[in-house]
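This report concerns only the one structure given below.
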Amino acid sequence: MLLSLPASGVSRQLDGLRPPGDPGEPHTTASWVRDALDCGLLDLPLPGGGRSADRFRALSEIARVDLDVARLAEAHVDAQAIIAELTGADELLFGSEIGSRSRRLWGVWAANPPTSPLTATQSSSGWLIDGTKPWCSGAGCCDAALVTAHTVDGYRLFAVDLHDSSVRPVDGTWPARSMRGCDSRSVAFTATPASPLGGADGYLNRRGFWHGAMGVAAVWLGGALAITDPLWTTARRRQLDHHALAHIGAIDAVLAAAEALLARAADLIDADPGNQSGDAELAARQVRAVVESAAVQVVDRVGRALGAAPLALDAAHAKRVGDLALYLRQSHAERDLEAAGRLVVEKGGHR
């Protein structure tokens with residue numbers, strides 16, 4: 001039964017690193033993630049190397065402890081996978097060394113708003129990026145980031161040293177309480193030196209793009225599992241009524257389905273790391289849709305089973321619910337379902 005799974009290796013180690021202070025504050029999360037990085041908890045297997053299931057499991061375990069930490073961890077390990085795929089290296093160096101690989105925290109800042117997009121131009125000294133990029137998680141704590149920008153020949157990915165004086169996080173651009181700990185803010189770039197990774201449109205067209213999309217779903221799944229904790233704790237303390245038991249059964253079923261589909265997707269990645277079959281996008285869209293639906297049901301059913309008390313009296317639970325509700329909106333809802341439906345039709349229809 002998924003609800004009763006005990007904390008395993010990664011989650012126990014991460015919880016043991018929990019710093020004092022409000023876990024919803026950016027400085028607390030930054031300290032926590034930095035300690036996890038230094039301890040090797042974010043040194044996860046790369047997708048397609050035979051241990052993709054272990055990678056997804058670790059991301060879920062981190063999310064079960066704290067979604068702010070998981071948001072930064074997922075971006076960091078995704079950046080490492082992108083760097084390995086596009087350069088063949090396990091790290092990038094800038095003009096001046098930021099630190100060893102074990103101490104450099106990466107972000108992936110790829111939001112692409114239709115208005116005022118980030119731009120990159122070539123100068124005599126190399127590429128420079130200008131503009132303001134929204135939705136930059138880890139704006140104040142990451143050492144480096146992979147940043148997307150528009151160029152004259154297409155949409156490109158660049159590596160940026162965030163310690164450069166031309167990079168400035170913009171205060172006041174994340175007023176929400178949910179996911180506050182991951183310090184998502186807009187970041188302004190002014191003629192910032194940037195190193196290109198891959199060619200034009202290479203970020204979106206690379207074989208591993210959809211592998212990374214599945215990693216986000218693994219985090220959602222861990223967040224959903226955390227929300228079941230008050231229900232399972234209550235079940236161990238007292239006898240539940242028939243309705244609460246029905247909710248437990250339904251929650252366990254949808255989480256089991258989500259976990260099974262994610263495990264199947266991990267097997268697909270390892271069997272076809274180069275996506276020669278072309279099935280990775282549909283697999284990712286299926287996983288994301290199923291996990292999102294499961295997570296929404298978990299939030300709803302836990303609330304219906306236990307009433308308002310956990311949300312009103314358990315600050316940690318209330319934070320998890322608010323954080324997951326916001327995190328799930330990284331999905332594009334019906335637009336993603338439409339894209340999945342189009343792929344199903346193109347591939348020959350029903351099962």
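We did not get these values from a lab; they are worked out from the coordinates using the rules stated. What you see is a predicted model, and the numbers here were worked out from it, not measured in a lab. Counting neighbours? That spans all protein chains shown, and the Cβs are built from the backbone with ideal geometry, glycine included.
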Report summary line: Scoring only Lys, Arg, Asp and Glu (+1, +1, -1, -1) among other residues with Cβ under 12 Å from the Cβ of Ala325 yields +1
**Report entry** Exposure proxy order (Cβ contacts within 10 Å, fewest to most) of Val345, Val170, Val299
**Finding:** Val345, Val170, Val299
Report task. Rounded to whole Hz and in sequence order, give me ³J(HN,Hα) for the range 288-298 from the Karplus expression 6.51 cos²θ - 1.76 cosθ + 1.60, θ = phi - 60°, writing x for Gly and Pro. Result -> 5, 5, 5, 5, 4, 4, 4, 5, 4, 5, 4
**Report entry** Label-zone membership for the range 185-203, site Asp22, 7 angstrom Cα→C-beta point, backbone N under 20 Å
**Finding:** 185-186
Query - Nearest-ten-degree value, helix 242-271 long axis tilted from longest Cα axis of the chain - result: 30 degrees
Query raised in the report: Exactly which trypsin sites (Lys or Arg not before Pro) in the range 162-191 are in a DSSP loop and have at most 15 other Cβ atoms within 10 Å?
Result: Arg177
Report summary line: So, relative contact order of the range 101-200 in percent, Cα under 8 Å, 6 or more apart, is 33 percent
**Report entry** Candidates Ser165, Ser178, Ser125, ranked by Gaussian network fluctuation over the chain, Cα under 10 Å, top entry
**Finding:** Ser125
Requested in this report: Would you calculate the separation in nanometres between label points at Arg237 and Val170, each defined as 7 Å from the Cα along the Cα-to-beta-carbon direction?
Outcome: 4.5 nm
Requested in this report: Work through the residues other than Thr173 whose Cβ is under 14 Å from its Cβ and net out their charges, Lys, Arg +1 and Asp, Glu -1.
Outcome: +2
Requested in this report: Just subtract the alpha-carbon distance of Ser125 and Val152 from 0.36 nm times their residue separation and send over the number in nm, one decimal.
Outcome: 8.0 nm
Query raised in the report: Which of Arg237, Arg51, Arg285 comes first, and how do the rest follow, when ranked by fewest Cβ neighbours within 10 Å?
Result: Arg237, Arg51, Arg285
Requested in this report: Would you mind ranking Glu25, Glu259 so that the residue whose beta carbon has the fewest other beta carbons within 10 Å leads the list?
Outcome: Glu25, Glu259
Query raised in the report: Given H placed on each backbone N at 1.01 Å, which residues far from Leu197 in sequence or on other chains put an amide H within less than 5 Å of it?
Result: Leu157, Phe158, Ala159
Query raised in the report: Once the other residues with Cβ under 15 Å from the Cβ of Trp232 are scored (Lys, Arg +1; Asp, Glu -1), what is the net sum?
Result: +3
